[in-house]
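Notes to accompany the following structure.
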Amino acid sequence: MKHLLTALAAMVALTTAALAHPPETPGAEARYLANEAILVTAGETKILFDPLFSTSFGYPLVAPDVRAQIMAGEAPFDGVDVVFVSHVHGDHFDAAVMNQYLAAQPDVTLIAPHRALLDMQGAAGWDIALDARIEIMPFVAEPQALSLPANGRADAIRIEAVHIPHAGGPGRAGIQNMAYRVTLNNTATVMHLGDATPDTAIYSTHRAHFEARRTDTAFPPYWVLLRHGSNATGALLNADAAIGIHVPINVPTDLERSGEDFLSVPGEIRVIELGEHAHD
Ligand SMILES: [Zn+2]
Ligand SMILES: [Zn+2]
(Lines give C-alpha, C1' and ligand atoms only; values in the text may rest on other atoms or scores of the structure.)
(Ligands and ions follow the chains in the order given, each with its own letter.)
Protein backbone atom coordinates (compact mmCIF):
# COMPACT_ATOMS: atom_id res chain seq x y z
CA MET A 1 0.00 0.00 0.00
CA LYS A 2 2.85 2.34 0.85
CA HIS A 3 4.41 1.67 -2.55
CA LEU A 4 1.14 2.43 -4.26
CA LEU A 5 0.79 5.70 -2.37
CA THR A 6 4.36 6.66 -3.24
CA ALA A 7 3.66 5.88 -6.87
CA LEU A 8 0.48 7.94 -6.75
CA ALA A 9 2.29 10.84 -5.14
CA ALA A 10 4.95 10.66 -7.85
CA MET A 11 2.26 10.68 -10.53
CA VAL A 12 0.59 13.70 -8.98
CA ALA A 13 3.95 15.48 -8.80
CA LEU A 14 4.63 14.68 -12.46
CA THR A 15 1.22 15.87 -13.54
CA THR A 16 1.60 19.09 -11.58
CA ALA A 17 5.02 19.68 -13.12
CA ALA A 18 3.63 19.10 -16.60
CA LEU A 19 0.82 21.58 -15.98
CA ALA A 20 3.20 24.18 -14.59
CA HIS A 21 5.42 23.93 -17.65
CA PRO A 22 3.31 23.68 -20.79
CA PRO A 23 5.36 23.05 -23.92
CA GLU A 24 6.88 26.26 -25.29
CA THR A 25 5.76 25.58 -28.84
CA PRO A 26 2.63 23.43 -28.74
CA GLY A 27 1.40 22.01 -32.01
CA ALA A 28 -1.33 23.53 -34.07
CA GLU A 29 -4.31 21.94 -35.75
CA ALA A 30 -7.17 22.84 -38.01
CA ARG A 31 -10.67 21.49 -37.60
CA TYR A 32 -12.90 21.63 -40.66
CA LEU A 33 -16.52 22.64 -40.01
CA ALA A 34 -18.06 23.16 -43.47
CA ASN A 35 -17.47 25.13 -46.69
CA GLU A 36 -14.72 27.59 -45.66
CA ALA A 37 -15.37 27.37 -41.91
CA ILE A 38 -12.27 26.29 -39.99
CA LEU A 39 -11.22 26.35 -36.36
CA VAL A 40 -7.45 26.74 -35.92
CA THR A 41 -5.99 25.99 -32.51
CA ALA A 42 -2.44 26.54 -31.26
CA GLY A 43 -2.11 25.99 -27.53
CA GLU A 44 -4.72 28.20 -25.87
CA THR A 45 -5.07 30.42 -28.91
CA LYS A 46 -8.11 29.72 -31.08
CA ILE A 47 -9.35 31.43 -34.20
CA LEU A 48 -12.33 30.78 -36.44
CA PHE A 49 -12.64 31.54 -40.14
CA ASP A 50 -16.03 32.10 -41.81
CA PRO A 51 -17.90 30.03 -39.20
CA LEU A 52 -21.36 31.65 -39.18
CA PHE A 53 -23.31 31.45 -42.43
CA SER A 54 -26.78 30.26 -43.34
CA THR A 55 -26.92 29.82 -47.12
CA SER A 56 -25.75 26.65 -48.83
CA PHE A 57 -25.47 27.46 -52.57
CA GLY A 58 -24.63 23.74 -52.94
CA TYR A 59 -21.91 23.80 -50.29
CA PRO A 60 -22.17 22.14 -46.87
CA LEU A 61 -23.65 24.12 -43.99
CA VAL A 62 -22.23 23.95 -40.48
CA ALA A 63 -24.27 21.26 -38.74
CA PRO A 64 -26.93 22.66 -36.36
CA ASP A 65 -25.35 21.04 -33.29
CA VAL A 66 -21.94 22.49 -34.22
CA ARG A 67 -23.50 25.94 -34.78
CA ALA A 68 -25.07 25.63 -31.31
CA GLN A 69 -21.68 24.76 -29.77
CA ILE A 70 -20.08 27.77 -31.45
CA MET A 71 -22.83 30.12 -30.26
CA ALA A 72 -22.65 28.77 -26.70
CA GLY A 73 -18.84 28.75 -26.59
CA GLU A 74 -18.80 25.05 -25.83
CA ALA A 75 -15.73 22.90 -26.48
CA PRO A 76 -13.98 22.90 -28.83
CA PHE A 77 -15.25 26.45 -29.41
CA ASP A 78 -14.58 27.62 -25.86
CA GLY A 79 -12.03 30.38 -25.52
CA VAL A 80 -12.17 31.48 -29.16
CA ASP A 81 -10.06 34.63 -29.43
CA VAL A 82 -10.77 35.96 -32.90
CA VAL A 83 -13.33 35.29 -35.63
CA PHE A 84 -12.45 36.20 -39.20
CA VAL A 85 -14.87 36.93 -42.02
CA SER A 86 -13.43 36.77 -45.53
CA HIS A 87 -16.41 38.40 -47.27
CA VAL A 88 -20.15 38.84 -46.84
CA HIS A 89 -21.55 36.23 -49.23
CA GLY A 90 -24.25 34.06 -47.66
CA ASP A 91 -22.12 30.91 -47.73
CA HIS A 92 -19.55 32.67 -45.50
CA PHE A 93 -21.37 35.16 -43.31
CA ASP A 94 -24.72 35.84 -41.65
CA ALA A 95 -24.80 39.35 -40.15
CA ALA A 96 -27.62 38.74 -37.66
CA VAL A 97 -26.06 35.52 -36.40
CA MET A 98 -22.71 37.29 -36.04
CA ASN A 99 -24.40 40.00 -33.94
CA GLN A 100 -25.92 37.30 -31.77
CA TYR A 101 -22.58 35.48 -31.44
CA LEU A 102 -20.59 38.56 -30.44
CA ALA A 103 -23.24 39.45 -27.87
CA ALA A 104 -23.10 35.94 -26.42
CA GLN A 105 -19.28 35.71 -26.42
CA PRO A 106 -17.95 38.97 -24.94
CA ASP A 107 -14.27 37.99 -25.20
CA VAL A 108 -14.27 37.42 -28.96
CA THR A 109 -12.87 39.95 -31.44
CA LEU A 110 -14.22 40.07 -34.99
CA ILE A 111 -12.01 40.88 -37.96
CA ALA A 112 -13.93 41.57 -41.13
CA PRO A 113 -14.11 43.74 -44.24
CA HIS A 114 -15.99 47.03 -43.92
CA ARG A 115 -19.00 45.72 -45.77
CA ALA A 116 -19.58 43.15 -43.01
CA LEU A 117 -19.89 45.94 -40.44
CA LEU A 118 -22.48 47.72 -42.59
CA ASP A 119 -24.48 44.49 -42.87
CA MET A 120 -24.29 43.91 -39.11
CA GLN A 121 -25.42 47.45 -38.37
CA GLY A 122 -28.48 46.85 -40.53
CA ALA A 123 -29.26 43.40 -39.12
CA ALA A 124 -31.19 42.18 -36.10
CA GLY A 125 -29.29 42.22 -32.84
CA TRP A 126 -26.91 45.08 -33.69
CA ASP A 127 -25.61 46.88 -30.61
CA ILE A 128 -23.25 49.85 -30.81
CA ALA A 129 -21.32 48.32 -27.92
CA LEU A 130 -20.11 45.59 -30.30
CA ASP A 131 -18.09 48.21 -32.20
CA ALA A 132 -15.30 48.04 -29.63
CA ARG A 133 -14.63 44.40 -30.51
CA ILE A 134 -14.64 44.75 -34.28
CA GLU A 135 -11.48 45.39 -36.29
CA ILE A 136 -12.39 46.51 -39.78
CA MET A 137 -10.26 45.81 -42.81
CA PRO A 138 -10.64 48.84 -45.07
CA PHE A 139 -11.11 48.16 -48.78
CA VAL A 140 -7.65 49.28 -49.89
CA ALA A 141 -5.00 47.81 -52.18
CA GLU A 142 -2.19 47.80 -49.64
CA PRO A 143 -1.62 44.93 -47.22
CA GLN A 144 -2.75 45.57 -43.64
CA ALA A 145 -1.32 44.27 -40.40
CA LEU A 146 -2.27 44.17 -36.77
CA SER A 147 -1.48 42.10 -33.70
CA LEU A 148 -3.95 41.12 -31.02
CA PRO A 149 -3.27 39.88 -27.50
CA ALA A 150 -4.65 36.57 -26.28
CA ASN A 151 -4.11 34.40 -23.23
CA GLY A 152 -1.56 36.78 -21.73
CA ARG A 153 0.58 37.14 -24.87
CA ALA A 154 0.77 40.58 -26.41
CA ASP A 155 1.19 39.35 -29.98
CA ALA A 156 -0.55 35.97 -29.76
CA ILE A 157 -2.41 36.63 -32.99
CA ARG A 158 -0.51 38.40 -35.75
CA ILE A 159 -2.67 39.25 -38.75
CA GLU A 160 -1.42 40.27 -42.17
CA ALA A 161 -4.19 40.72 -44.67
CA VAL A 162 -4.55 41.67 -48.28
CA HIS A 163 -7.54 42.12 -50.54
CA ILE A 164 -7.60 39.44 -53.23
CA PRO A 165 -10.43 39.80 -55.76
CA HIS A 166 -13.27 37.28 -55.62
CA ALA A 167 -13.22 34.52 -58.21
CA GLY A 168 -15.55 35.04 -61.15
CA GLY A 169 -13.97 37.88 -63.09
CA PRO A 170 -14.15 41.69 -63.21
CA GLY A 171 -17.90 41.71 -62.49
CA ARG A 172 -17.06 40.71 -58.93
CA ALA A 173 -14.24 43.22 -58.42
CA GLY A 174 -16.32 45.19 -55.91
CA ILE A 175 -16.57 42.32 -53.45
CA GLN A 176 -14.42 42.98 -50.41
CA ASN A 177 -12.73 39.57 -50.23
CA MET A 178 -9.89 39.38 -47.72
CA ALA A 179 -7.00 36.92 -47.64
CA TYR A 180 -5.78 36.57 -44.06
CA ARG A 181 -2.36 35.31 -43.03
CA VAL A 182 -2.41 34.65 -39.30
CA THR A 183 0.47 33.63 -37.04
CA LEU A 184 -0.59 32.10 -33.73
CA ASN A 185 1.68 32.27 -30.67
CA ASN A 186 4.66 33.03 -32.92
CA THR A 187 4.63 29.41 -34.06
CA ALA A 188 2.02 28.38 -36.60
CA THR A 189 1.11 30.47 -39.64
CA VAL A 190 -2.04 29.74 -41.61
CA MET A 191 -3.69 31.47 -44.55
CA HIS A 192 -7.38 31.70 -45.43
CA LEU A 193 -8.26 33.30 -48.74
CA GLY A 194 -12.03 33.45 -48.86
CA ASP A 195 -13.23 33.06 -52.46
CA ALA A 196 -9.98 34.29 -53.99
CA THR A 197 -9.50 34.33 -57.73
CA PRO A 198 -7.20 31.70 -59.27
CA ASP A 199 -5.78 34.35 -61.63
CA THR A 200 -2.12 34.76 -60.79
CA ALA A 201 -1.63 38.43 -61.73
CA ILE A 202 -2.96 39.82 -58.44
CA TYR A 203 -0.70 37.49 -56.43
CA SER A 204 2.30 38.80 -58.36
CA THR A 205 1.23 42.35 -57.51
CA HIS A 206 1.37 41.37 -53.83
CA ARG A 207 4.62 39.39 -54.11
CA ALA A 208 6.26 41.35 -51.29
CA HIS A 209 3.33 40.60 -48.98
CA PHE A 210 3.47 36.88 -49.63
CA GLU A 211 7.28 36.80 -49.41
CA ALA A 212 7.29 38.62 -46.07
CA ARG A 213 6.33 35.52 -44.11
CA ARG A 214 6.28 31.80 -44.81
CA THR A 215 2.89 30.14 -44.28
CA ASP A 216 2.83 26.65 -42.81
CA THR A 217 -0.57 25.71 -44.22
CA ALA A 218 -2.73 27.69 -46.62
CA PHE A 219 -6.43 26.92 -47.15
CA PRO A 220 -7.21 28.21 -50.64
CA PRO A 221 -10.56 27.60 -52.29
CA TYR A 222 -10.19 24.31 -54.14
CA TRP A 223 -10.40 26.01 -57.56
CA VAL A 224 -7.03 27.68 -56.92
CA LEU A 225 -5.51 24.31 -56.12
CA LEU A 226 -7.17 22.64 -59.09
CA ARG A 227 -5.95 25.33 -61.50
CA HIS A 228 -2.34 25.41 -60.34
CA GLY A 229 -1.62 22.21 -58.36
CA SER A 230 -0.20 22.18 -54.85
CA ASN A 231 3.41 23.01 -55.79
CA ALA A 232 2.57 26.10 -57.82
CA THR A 233 -0.09 27.15 -55.31
CA GLY A 234 2.50 26.83 -52.53
CA ALA A 235 4.91 28.95 -54.56
CA LEU A 236 2.22 31.54 -55.30
CA LEU A 237 1.32 31.92 -51.62
CA ASN A 238 4.76 31.16 -50.13
CA ALA A 239 3.22 28.25 -48.23
CA ASP A 240 4.59 24.85 -47.24
CA ALA A 241 1.23 23.13 -47.70
CA ALA A 242 -2.05 23.93 -49.43
CA ILE A 243 -5.33 22.26 -48.51
CA GLY A 244 -8.40 23.06 -50.61
CA ILE A 245 -11.68 24.17 -49.04
CA HIS A 246 -15.06 25.45 -50.39
CA VAL A 247 -15.67 21.97 -51.81
CA PRO A 248 -19.27 21.42 -53.02
CA ILE A 249 -21.49 18.83 -51.31
CA ASN A 250 -21.05 16.74 -54.46
CA VAL A 251 -17.24 16.64 -54.62
CA PRO A 252 -16.19 17.44 -58.21
CA THR A 253 -14.75 14.45 -60.04
CA ASP A 254 -11.77 16.43 -61.30
CA LEU A 255 -10.89 17.39 -57.74
CA GLU A 256 -11.17 13.79 -56.56
CA ARG A 257 -8.93 12.66 -59.42
CA SER A 258 -6.40 15.45 -58.98
CA GLY A 259 -4.69 13.92 -55.97
CA GLU A 260 -4.74 17.34 -54.31
CA ASP A 261 -5.42 17.62 -50.61
CA PHE A 262 -8.79 19.06 -49.63
CA LEU A 263 -11.24 19.18 -46.74
CA SER A 264 -14.82 18.06 -47.28
CA VAL A 265 -15.71 15.98 -44.23
CA PRO A 266 -17.06 18.08 -41.33
CA GLY A 267 -15.16 17.43 -38.11
CA GLU A 268 -11.99 16.39 -39.95
CA ILE A 269 -8.85 17.53 -38.12
CA ARG A 270 -5.47 18.27 -39.71
CA VAL A 271 -2.22 18.84 -37.88
CA ILE A 272 -0.53 22.02 -39.06
CA GLU A 273 2.99 20.86 -39.88
CA LEU A 274 5.41 23.51 -38.70
CA GLY A 275 8.18 24.18 -41.19
CA GLU A 276 11.88 24.62 -40.57
CA HIS A 277 11.71 28.31 -41.42
CA ALA A 278 12.37 30.77 -38.63
CA HIS A 279 9.45 32.39 -36.84
CA ASP A 280 10.51 35.77 -35.61
ZN1 LIG B 1 -18.11 34.49 -52.34
ZN1 LIG C 1 -18.17 31.21 -51.29
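What the table below lists for this structure:
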quantity	calculated
For region 107-114, 3J(HN,Hα) per residue [Karplus equation, 6.51 cos²θ - 1.76 cosθ + 1.60, θ = phi - 60°, Hz, x = Gly/Pro]	9, 8, 9, 9, 10, 7, x, 4
Gaussian network model of the chain, springs between alpha carbon atoms under 10 Å - residue of E29, E74, E160 with greatest fluctuation	E74
Stretchable slack from S56 to A103, in nm (0.36 nm times residue separation minus alpha-carbon distance)	14.5 nm
³J(HN,Hα) computed for each position of region 158-169 - Karplus, 6.51 cos²θ - 1.76 cosθ + 1.60, integer Hz, glycine/proline x	9, 10, 10, 10, 9, 6, 10, x, 5, 4, x, x
Given charges at beta-carbon only (K, R positive; D, E negative), |dipole| of region 175-280 in Debye	220
Whole-angstrom Cα spans of region 85-164 along principal axes, big to small	33, 32, 22
Cα-only Debye scattering, the chain: base-10 log of I(q)/I(0) at q = 0.15 Å⁻¹	-1.12
Helix-only CD estimate at 222 nm, as mean residue ellipticity for the chain, using -39500 (n - 2.57) per DSSP H run (n ≥ 4)	-8000 deg cm²/dmol
Accessible solvent surface per residue of region 110-243, calculated while the other protein chains remain in place, 1.4 angstrom probe, Å²	38
Protein accessible area in the chain, 1.4 Å probe - carbon and sulfur %	57
DSSP beta bridges in region 59-165 [antiparallel fraction, %, rounded to 5]	45
Alpha-carbon centroids, region 198-216 and region 161-186: separation in whole Å	11
For region 80-228, alpha-carbon Rg over 2.2 N^0.38 Å	1.05
Region 82-159-region 50-81 distance, computed between alpha-carbon centres (Å)	15
Listed residues D81, D254, D155, most fluctuating in the chain (Gaussian network, C-alpha, under 10 Å)	D254
All Cα pairs of region 168-232, percent lying beyond 19 Å	33
Nearest-0.05 FRET efficiency for I202 and Q121, computed from C-beta distance (R0 41 Å)	0.90
Residues S258 and L146, FRET efficiency given R0 of 35 Å [Cβ-Cβ distance, rounded to 0.05]	0.45
Length released on extending from R172 to N231, taking residue separation times 0.36 nm less the Cα-Cα span	18.5 nm
Zone residues, region 96-113, relative to I128, backbone N less than 18 Å from point 7 Å out along Cα-to-Cβ	103
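The values are calculated or read from the model by the stated rules, or taken from the named source; none is laboratory data. Because the structure is predicted, anything quoted here is derived from the model rather than measured. We place every Cβ from the backbone using ideal geometry, glycine too, and count neighbours over all the protein chains shown. Side chains included, ligands, DNA and RNA excluded: accessible areas come from the protein's heavy atoms. Shrake-Rupley method; radii C 1.70, N 1.55, O 1.52, S 1.80 Å.
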